[in-house]
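Here's the structure, in structure tokens; my notes come after.
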Amino acid sequence: MIFLGRLGLVLFVALVSLRCLANGHGEEPSVTPPVKLEIPKLEQTINPELKTETKPEAKLITKTESKVDKLDSKSESDTSKATKEAQAKRLYELFNKSFNRTQIAIFCLKDQDCYKPEDEVLKFSEINIKLLQKLEDLVAKNDIYAMYYRGLIAYERGLDYKDRASYIRDRDFISTANILNVYGNIQFRDARKYFQGPANAKHTEACKYLGEIYAKGYGVTRNPEIAMVHFYCAALQYLNEGKKLNAELILKYMTETGIPNDARTVDVYAKIHGKAK
């Protein structure tokens, strides 16, 4: 009996403690609902901020990408120009090298010690023709640099014929001098034709050489006014490129054209000496 009484007392205490746990420390379900309610509020407050922050970033990215695209296109354009100029210049250099070898082979014809000089003349002459044709193909595509270097080849060959003719003093060979001068004038006219396109595009050297052609009457009737137009173009371009000494040389050419007190000469002089208004 005593044992049963103690057992009942233990059971009673256990039931009471379980009830206390349920009503006291066990109120976890009443705590969790507020947490669930706060989660949507946090999402609602955070989402608008995220949206407002991403829009400027997206705009910034698109602007940056557009700037990069512009820089890429600009660099590609500059690269294309540099490539075209290098290609035309390389053809010009190869032609000069081959042309010089041709001249050596021609002079070698008079030397009995030369080995098959006729073959050398033919070989390098064919190379010259092929190089000129490559330049002509680029000229047909309106390549400004090919026009310039093709004109430079013609201009230098014209000077070569003219110089060789000037060395002939003997009357017995005067006809040879006349033929050389005729060949030179043909080359100068070709040079004028090829230089015109680059000069219209403000190519500095093309403007300079056209000025010399008209100032000295190389293959054309001497025309100081047209020479002044091209010299003025060359002088301004040299100044823009920071080449003051070259501009001073062009100024000297301008003063020698025979047009006194020309406004273009005065303007170039003022720009060189820092007196331009």
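The residue of region 85-131 that is modelled with the lowest pLDDT, among those that are outside any helix (DSSP H, G or I) and basic (Lys, Arg), is LYS116.
Among all positions in region 179-189, there is at least one residue which is crowded, with 18+ Cβ neighbours inside 10 Å and closer than 30 Å to LYS244 by Cα.
The values are calculated or read from the model by the stated rules, or taken from the named source; none is laboratory data. Note that the structure is predicted; figures quoted are calculated from it, not measured. Here Cβ is always computed from backbone atoms with ideal geometry, including for glycine, and neighbour counts include all displayed protein chains.
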